[in-house]
Amino acid sequence: MYFMKVVDNVTNFSFFFFFLSLPSLLLWIKWWLLLLMSSSIAAIQVEITPTQGEISVGDSKFFLCEVVGDAKDIDWYAPSGEKILPNRQDIFVSRSDETTSTLTIYHANVDSAGIYKCVAKNGDKEAQATVQVKIFQKITFESAPSPQEFNEGDDADIVCDVVSSPPPTIIWKHKGSRIQVAKDVRYKIMDNGHLQIRGIKKTDEGMYNCEARVMARGEIDFRMIKVVVNVLPTIRARQSDVNATADVGSSALLACDADGFPEPTVTWAHNNIVLETGDKYSLNEDGSELVIKDVKKVDEGDYTCIAKNKAGEKAEEVSLNVFVQPKITYLNNQTVSEFEEQVTLTCEASGDPTPTISWSFENRVFSEGEQSLDRNIVVRSHARVSSLTLKNVQFTYAGQYLCTASNSIGQDDQNMYLEVRYAPKLQGNVAWYTWEGNPTNISCKVEAHPRATVVWYRDGLPVPSANFTNLKIYTTPTISYLEVTPSSQDDFGSYNCSATNAMGTEYKEFLLIEADVPTTPELYQVEPFSSTAVIQFGEPEATGGVPIIKYRVQWRLPGQDWTEKEYSAEDDLNQITIFGLNPETTYEVRISAINGKGESESSPAKPFKTEPVREPSAPKIEVKVHNKGNSLKVNWIKQDDGGSPIKHYLVRYKAKYVSDWKPEMRLPNDSEYVVLNGLDWNTEYEVHVVAENQQGRSEPGIRSIRTASEPTTIPDAMSGGSGLGTGAIVGILIVVFFLLLVGVDVTCYFLNKCGLLMCIAVNFCGKAGPGAKSKDMEEGKAAFTKDESKEPIVEVRTEEEHTPNQGGGPTEPNETTPLTEPEPAAADTTSPVVNLLPSTATNSVAESFSTAQSSPASECTTLTTSASSPTKAAPAKTSPKNSPAAQPSSLKANTQPDVGPLVDLSDTPKVPPSSNPTPSEPVSPPSANADAQQSQCDQVKAPDSTQSKDLQVDGPAKDAPSALCTDSTTPAQNDGKAVKDDKTKGEAEVKNATAEVKTVPNEAPQTNGNESKA
């Protein structure tokens, strides 16, 4: 450097002295050349300023390379040894003059660190110097965004990217406290300095402090990061299904409620189109309610309520239903060949709501998805279309398929036929058995489509179609029969059936084998009874090739002829019962089997001895629910009678949850069943059936069964019901009850001048009642006293004073006089009542009883009228001498009738009856009246149960045939036990009856009219 300056000075002075003198110039040139020669011999020196450098990442710095000496080239080299070119952007090299060169590092980074070298060259002379550049990173937050948002429940990764050299230490703080990772497993500081929060919650929301420290330099810096936790919306439809009627101008309201953070926005979509407020739709402010105006059928479908916020979105569908019955719009027949890869049956249907389409074939129903383990049958449904795909088509797939479209309104069914073309399939038993002279049909069942032609072969030659003597061919659409009648051993052997159609040919070989008689059946044991024996046997080991037709059982007394009987062979027949044996007798028995070829050998005879005469064996019974469900039909089969004829069967039953049995029923010996009616619904009953002979009763045959559950609706006429609804029956009962009340009121009006009709007549029509007579008399007397010119009003009494039968004369016949014989029991009841009542009554007993008997009903019905009479304990009629003809004479003897009306319609106190009432006529005992009672009830009695095997028992009250007709005057029966006639009880009833009779005062004019009160 110094040398260069000297050279420059010398040059400047040379030009100055050039014009002074030429000698001086030459001297100067000589001196300059000497200096030049001496400088070329001196060394080059290089120096870099500054000698070392530290640069922060991102900062810029330059280095100056100064050369002492003459240097032609000054170059800089990177730490990698690569020469730094002048056109680089990050590192720039510039040469300001011949002795200096500048190296500038712009925006340094860690890659800029290293040893840089400055090299100066001049010919073969070279000098160099180096400088070490160190790059350090101060704390720099490359990425620490705020706020940072996360969805609730996610694993949050809070980003805080910090760089420095050396790497900083990251500390996280929340709510002023350092996060202790070791104490809360939800927190984790990642290797990159991020903070991870597992399953972040809404409570984790807030400000987080990301602090970076470099201990070597004591450097610290931080960033505050706001963490926001967004909550995914929750949505709930107020109604998942909304029903509307189309084309009536009505509107439909669809609504859903949504929650979340931040507050979600609610929109509605239909068919992937977002709905907005307009002529058709209307939305409220927050969008939660959608109103569809003027609903049409095209509006039917699913509407989606969508709630969306930063955390995501949730959707809920609301269905708008416009009800229309399903209708199948597309279903066609198809034809396919067997073993084709697949065939697809398609069924389309319309309807609102969208109908569910199902397939069925024969007894099998196909639903959505794969229908078989081999995946050959698959059902796929989309919208209103359903397809049934049959893979690897089999001939069994042919047939009629049913497509059913159904929704909540109804359903529609249509059939389609799948035609499968396939080669013949031959089926049938390979082996056939027969014998010489016995024709047999070898059947070759052919399944083919289209129909196949069948040819039979014998020894490789076709059997002629013309029927010969021993070979005949019969053909049906599905079976070809070859009838073979063997005439010799040559006819047995192999026969072939060949079937051919357009799809192919199939062969099948059949064998005709000569049959044999069966082997001997094995007789296991004999179980004897008094008159029967049960033999148990095993089937023959070999049937001879043809089925067992029957079994022959033979039995005898030792040394006598065999008695035999044949029994048809049924499935699983392994025991036979022999009937008609004598008690306590020794027999022997054997059995043989018979098929079409012949009879087997008989089994060895097995001896047995019947039991002595004893009670019968228990009947074998079967019980099943009968008719409407609350009836049971009990069937029984007679077993061994014990050597003595069955006298009768005894049946009893009870509900299992009670201990008391219903009354035992005795049925004839030829009865086979009985029907128990009127049972409780849904109740388990236990039934016992016992057979009885002279020796005693058998063990009971026992069965238990539960009645059906009570139906919720009244069965229609087809099921044996009345066909009337519950409301109709209630209405009929109300009408009947009203008519009954009206009839009673009218009867009271005409007979006793009382009742509602009498009150109406008195209050509105002005007609006086029977109690108004004394009042009229008093008013008339007062008027006569007050005004003597007026006549007393006393004529109003004449109507009742001249009433017939007021005296003791005979009763005149009228419209209420019975045309049939009145009940003698009624006649018997008059005497005690007459003796207990005052003598001034206005009506006779004959009148009251004749009124009760005015109906043309039977005498059993007439007995009901006298149910409250004092002789209620008498169950039967008296002897014929107590006929109605004698009744008037008995009444006639008492010229002053002492009986009043038997109906108490007044409010006056009742006079207690006499303590010792004495009947005027004795009551006949029940034994004396049994025949009369039987004749009385003949006209309403049911047919004798002994003449029919079907005995109807209508509930607990009808426990035996003898209870079909019941005298209403007899005491009630409880569980089939009649209450016996008791004289003491009869007297008590007389007292009770007389206590109900109103005592009439002796002086009729003193009545005050209160008798008319109801």
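Solvent-accessible area of His626, all protein chains in place: 60 Å² (probe radius 1.4 Å, heavy atoms, ligands and nucleic acids excluded). Multiplying the residue separation of Arg556 and Ser387 by 0.36 nm and removing their Cα-Cα distance gives an extension gain of 53.5 nm. Of the GluC sites (Glu not before Pro) found in region 291-367, the ones in coil according to DSSP and having at most 15 other Cβ atoms within 10 Å of their Cβ are Glu340, Glu341, Glu362.
Hey, quick one: spin label on Thr140, modelled 7 Å out along Cα-Cβ, who in region 219-251 has an amide N within reach, i.e. under 20 Å? Within reach of a label on Thr140: 219-224. Where a ≥ b ≥ c are the square roots of the eigenvalues of the C-alpha gyration tensor, would you call region 476-549 rounded, which needs a/c under 1.5, or, failing that, prolate if a/b is larger than b/c, or oblate? Since a/c reaches 1.5 and a/b is larger than b/c, the shape of region 476-549 is classed as prolate. Accessible surface comparison of Thr485, Thr476, Thr51, Thr130, probe 1.4 Å, protein chains only, largest first: the order is Thr51, Thr130, Thr476, Thr485. Using a simple spin-label model with pseudo-atoms 7 Å out from Cα toward Cβ, Glu664 and Ile760 lie 5.9 nm apart.
When +1 charges are put on Lys and Arg Cβ atoms and -1 charges on Asp and Glu Cβ atoms, the dipole computed for region 426-516 relative to its Cα centre reaches about 440 debye. The modelled label-to-label distance for the pair Met207/Phe738, using points 7 Å beyond Cα in the direction of Cβ, is 8.8 nm. For region 68-119, applying the loop criterion from DSSP together with a ceiling of 13 other beta carbons within 10 Å to the trypsin sites (Lys or Arg not before Pro) yields Lys72, Arg88. Compared with the direct C-alpha span, the chain from Asn363 to Lys226 gains 42.5 nm at full extension, assuming 0.36 nm per residue. The order of the peptides 739-750, 159-170 by mean Cβ neighbours within 10 Å, most packed first, is 159-170, 739-750.
Among the chymotrypsin sites (Phe, Trp or Tyr not before Pro) in region 626-678, those located in a DSSP loop and surrounded by at most 16 other Cβ atoms within 10 Å of their own Cβ are Tyr657, Trp661. Surface composition of region 292-346: carbon and sulfur atoms hold 42% of the protein heavy-atom accessible area at a 1.4 Å probe. Can you tell which of Ser443, Tyr495, Thr476 lies farthest toward the positive end of the dipole of region 428-514, using +1 and -1 charges on the Cβ of basic and acidic side chains (Lys, Arg; Asp, Glu)? The residue sitting most towards the positive pole is Thr476.
Taking the centroid of alpha carbons for each part, region 248-266 and region 582-609 are 90 Å apart.
The stretch between Thr478 and Thr277, if pulled fully straight at 0.36 nm per residue, gains 65.4 nm over its current Cα-Cα span. Counted by Cβ distance under 14 Å from Leu388, the other residues give a net charge of 0, where Lys and Arg count +1 and Asp and Glu count -1.
Between amide H atoms placed 1.01 Å from N, distances below 5 Å from Ile139 occur with no residue 5 or more places distant or on a separate chain. Assuming charge only on the beta carbon of Lys and Arg (+1) and of Asp and Glu (-1), the dipole of region 332-421 about its Cα centre is about 100 debye to the nearest 20. A 1.4 Å probe over all protein chains sorts Phe339, Phe222, Phe537, Phe395 by accessible area into Phe339, Phe222, Phe395, Phe537, starting with the largest.
Sorting Thr49, Thr100 on solvent-accessible area from highest to lowest, probe radius 1.4 Å, gives Thr49, Thr100.
The values are calculated or read from the model by the stated rules, or taken from the named source; none is laboratory data. Quick caveat: nothing in here was measured; it's all calculated off a predicted structure. Cβ: placed from backbone, ideal geometry, glycine included. Neighbour counts: every protein chain shown. Just the protein is used for accessible areas: all its heavy atoms, side chains included, with ligands, DNA and RNA removed. Shrake-Rupley method; radii C 1.70, N 1.55, O 1.52, S 1.80 Å.
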